[in-house]
Structure formats: C-alpha cells, structure tokens
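*Asks:* Shown below is the structure under consideration.
The values are calculated or read from the model by the stated rules, or taken from the named source; none is laboratory data. Quick caveat, the model's predicted, so the values are computed rather than measured. Cβ: placed from backbone, ideal geometry, glycine included. Neighbour counts: every protein chain shown. Ligands, DNA and RNA are excluded from the accessible area calculation, which covers all protein heavy atoms including side chains. Shrake-Rupley method; radii C 1.70, N 1.55, O 1.52, S 1.80 Å.
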Amino acid sequence: MLVRSAQGLYWMSRYLERARRLCRLLQLQTESLVDRPIREIHFGWSRIYASVNRDPPAGRIELLGSDDYTLADSYTLAGDLTFERSNPDSVWSCFDQGRENARQIRQSISTPMWTQLNLAYLRLQELEMPDIWAVSPESFYADTVAQIDTFVGVAAATMYRGEGWRFMELGRFVERAQLLAALLLAQLDAEQHVEEASDADWTGLLRLCHAFEVYNRRYSVAVQPRQVLDLLVTDPRLPDSLGRSIDRAAEEIDAIGPGPDPDSSGALQRLAGRIGGVIHYQWPDHDDCQALLEQVRTHCYELHDRVTAAYFDYAIEDAPAS
C-alpha cells in the first residue's frame, strides 16, 4: 500500500491508544479524589506525569495537607492532561492528531470507523474542563475509553485484513508497549521518593490493566510488587501485558513482511525478537527489575525508529541513467 496510507494508519492507531491509556489513568485518579488519602492522590499525579514525561503546569507537584488544595491542584493537573491544546499528549491533542491522520487516509478505513471516530471527536470539541469537573470527571474518562474501545471493535468488525489493518495493529501494540514500560518505571521511581509504599498504588496498576481479578486468582489478595510486575510484564494471555504487546507487534511485523530496504527490515525483526527474549527469558531470573525495564523501554522506542526506517522513511534508489 502507499507509504502515506500505511503511516497514517499507524499513527492514527498510536494516538488513539495513547488517549485511551491516559483516560484510564485519569479515570482511576479522579475516582481516588473521593476517599483516598492525600499521599495516594499526590503519588498518583506524580506517577502519571512521570509516565508521560511532562512537567506539571507549576513545575512540580507539592504534597499539601489540605483537601481544598488537593482538589484545586487536581483540577489544574487534569485540565492540563485533558484539554490543554499546547500539550501534544493531552487527550484533546491525541484525538485531534488521530482524527487528522484518519482524514488524510479516509479511503483506507471503513465508513463505520470514520463515523465512530467523528462522534468521539465532536463530543470532545463541545466540552471544557469545567463541564466535566462539575458533574463527574471519572464518568467522562470512562465514556471516552468506551468510545475508543468501540472504534477498535468497529475496526475489527469492518476493516479488510490487508496491510492497512496490519499497520494499524502494529501502531497500537508499539504504543501500548511503550506506555506500559514507561508507567512501570514511573511507579518504581516514584516509590523511591516516598517514605512508605502503599498497596493501593500497585492495585491501581492492576486495575488499569484489567488484571486485578487475574492477580487474585493466581497469587492472593495480598499485593506483592514483584508479583504485580511479573504479571504485567510477562503474562502472554493478559491483553495489556508488556510481553503480549511485544509478541503481537512482532506478529504484525512478520505479517507485513520485508520493506523496500532489506537491511532495515532485518534489523526490525531482530529487535522485536530481542525484546521478546528479554521479557520471556531474562525477566524471570533477573533481580534488578528496574534495570531490565529501562532496557525494554529503550528497545521499545528503538522499535518505533526501526518501523519508520523499514516502512516509512527508507532511501529511494536513483533510477539508472538511460
């Protein structure tokens, strides 16, 4: 297929997956404002901002002992991550970029996909932070996640299983792997700056990845950080696990096949296999989880660069002189 179409599908999928994950984080965070201790609320905001690699509007997040201050700060932080146009990773910006990519390759997606994406986009255009904060911010984020999930379901039901589908799936799983690796590292780093870790912080990660019930069945109701990491990193049947995301990305790369540059394509396949090997074979016997996650995150960002080199931004040989 045309490079422009493949790249548009890839980035459309990445932007929507990014918006979905951020909405899930913000849904859980705003739910915690009702009855959680201030320390946990502060930890949650710090973790979110560290995972998206963005400085808060005030430059830092301060732990203050007042519920009024906490709510005011939460309003500002949620607004920055949701509707701030200058933030390239806000929910609004991700939807805007995702829809723009879809518009440019409109011929490559089905009509129901375009309709569903437009409905979600137009709903977002009609709202501002005061509108959702005055009613139920957690419901807004949950509804937005549901709309993105509906879009993914409509795509699965209506899109032809050609190269376009493969590039869309590849973008989704590359983004998912990058986001989870960054979030787990943010969790580990944030814990180093608190006096006492809370089980609720790890439970929140399990709920984010729809893994809370799975964890309880496999281990127990007692939350152990290493067991949480093992589940979220290596479980091949957990939809949001790091290992499954990398395995699915590798499957899509194999299905797409080599790009115009054999060297770039070979490097891409080897890198995908290397990341999977780290997760499935090195992780179980490795004691330094943070160091290994740093390695995986670096490889995940490199994976995107390799995809770009193999399929989107390759050198074109000059035509032979006549």
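Listed here are the residues, each with its yes/no results for (1) open to solvent by less than 10 Å² (accessible area, probe 1.4 Å); (2) touching a residue at least 24 places away in the same chain (Cβ under 8 Å); (3) out of contact with any Phe, Trp or Tyr (no Cβ under 7 Å at 6 or more places or on another chain); (4) assigned to a helix (DSSP H, G or I).
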{"site": "226", "(1), (2), (3), (4)": "no, yes, yes, yes"}
{"site": "230", "(1), (2), (3), (4)": "no, yes, yes, yes"}
{"site": "259", "(1), (2), (3), (4)": "no, yes, no, no"}
{"site": "265", "(1), (2), (3), (4)": "yes, yes, yes, yes"}
{"site": "277", "(1), (2), (3), (4)": "no, no, yes, yes"}
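*Asks:* Sticking with this one: For the range 1-43, which residues satisfy the criterion of being over 19 Å from residue 106 (Cα atoms) and at pLDDT below 90?
*Replies:* Once the filter is applied, which keeps residues that are over 19 Å from residue 106 (Cα atoms) and at pLDDT below 90, the range 1-43 yields 32, 33, 34, 35, 36, 37, 38, 39, 40, 41, 42, 43.
*Asks:* A follow-up question, please. Could you grab me the full set of residues in the range 205-224 that are among the hydroxyl-bearing types (Ser, Thr, Tyr) and open to solvent by 40 Å² or more (accessible area, probe 1.4 Å)?
*Replies:* 219, 220
*Asks:* Mind counting the residues in the range 244-257 that are more than 21 Å from the chain's Cα centre (by Cα), assigned to a helix (DSSP H, G or I) and surrounded by fewer than 19 Cβ atoms within 10 Å (Cβ to Cβ)?
*Replies:* Of the residues in the range 244-257, 2 are more than 21 Å from the chain's Cα centre (by Cα), assigned to a helix (DSSP H, G or I) and surrounded by fewer than 19 Cβ atoms within 10 Å (Cβ to Cβ).
*Asks:* Which members of the range 279-308 meet the condition of being assigned to a helix (DSSP H, G or I) and of a type in the set (Asp, Glu)?
*Replies:* Listed by number, the residues that qualify are 285, 294, 302, 305.
*Asks:* Taking the stated definitions as given, is residue 72 more than 22 Å from residue 205 (Cα to Cα), at pLDDT 95 or above, assigned to a helix (DSSP H, G or I) and of a type in the set (A, V, I, L, M)?
*Replies:* no
Residue-wise test of (1) open to solvent by 50 Å² or more (accessible area, probe 1.4 Å); (2) part of a loop (DSSP other than H, G, I, E, B); (3) not hydroxyl-bearing (Ser, Thr, Tyr).
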| site | (1), (2), (3) |
| --- | --- |
| 120 | no, no, yes |
| 124 | no, no, yes |
| 138 | yes, no, yes |
| 144 | no, no, no |
| 149 | yes, no, yes |
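*Asks:* Looking at 167, 173, 212 in this structure, which one is touching a helix residue (DSSP H, G or I) at 6+ places or on another chain (Cβ under 9 Å) and farther than 30 Å from residue 287 by Cα?
*Replies:* Answer to the selection: 167.
*Asks:* Check residue 241 against each of (1) at pLDDT 95 or above; (2) open to solvent by 50 Å² or more (accessible area, probe 1.4 Å); (3) of a type in the set (Ser, Thr, Tyr) and name the one condition it does not meet.
*Replies:* That leaves (2) as the condition not met.
*Asks:* For residue 97, all conditions in the list (1) closer than 28 Å to residue 3 by Cα; (2) in contact with a Ser or Thr (Cβ under 8 Å, 6 or more places away or on another chain); (3) open to solvent by 10 Å² or more (accessible area, probe 1.4 Å) hold save one; what is the number of the exception?
*Replies:* (2)
*Asks:* Okay, moving on. So which pairs qualify, if the first residue must be in the range 73-89 and farther than 15 Å from residue 59 by Cα and open to solvent by 10 Å² or more (accessible area, probe 1.4 Å), the second must be among the small types (Gly, Ala, Ser) and not in a loop (DSSP other than H, G, I, E, B), the Cβ gap must be under 8 Å, and the two must be at least 6 apart or on different chains?
*Replies:* Going by the 8 Å Cβ cut-off, the qualifying pairs are 84/93; 85/93.
*Asks:* Take residue 142 and tell me if it is closer than 23 Å to residue 209 by Cα and either in contact (Cβ under 8 Å) with a residue 60 or more places away in the chain or touching a Ser or Thr at 6+ places or on another chain (Cβ under 9 Å) (or both).
*Replies:* yes
*Asks:* Pairs please, first residue from the range 185-211 and closer than 29 Å to residue 149 by Cα, second anywhere and in a loop (DSSP other than H, G, I, E, B) and at pLDDT 85 or above, Cβ atoms under 7 Å, 6+ apart in sequence or on different chains.
*Replies:* 199/223; 202/223; 203/223; 209/238; 209/240; 210/239; 210/240; 211/238
*Asks:* Right, another one. Kindly provide the set of residues from the range 5-55 that are open to solvent by less than 20 Å² (accessible area, probe 1.4 Å) and outside any helix (DSSP H, G or I), ordered by number.
*Replies:* none
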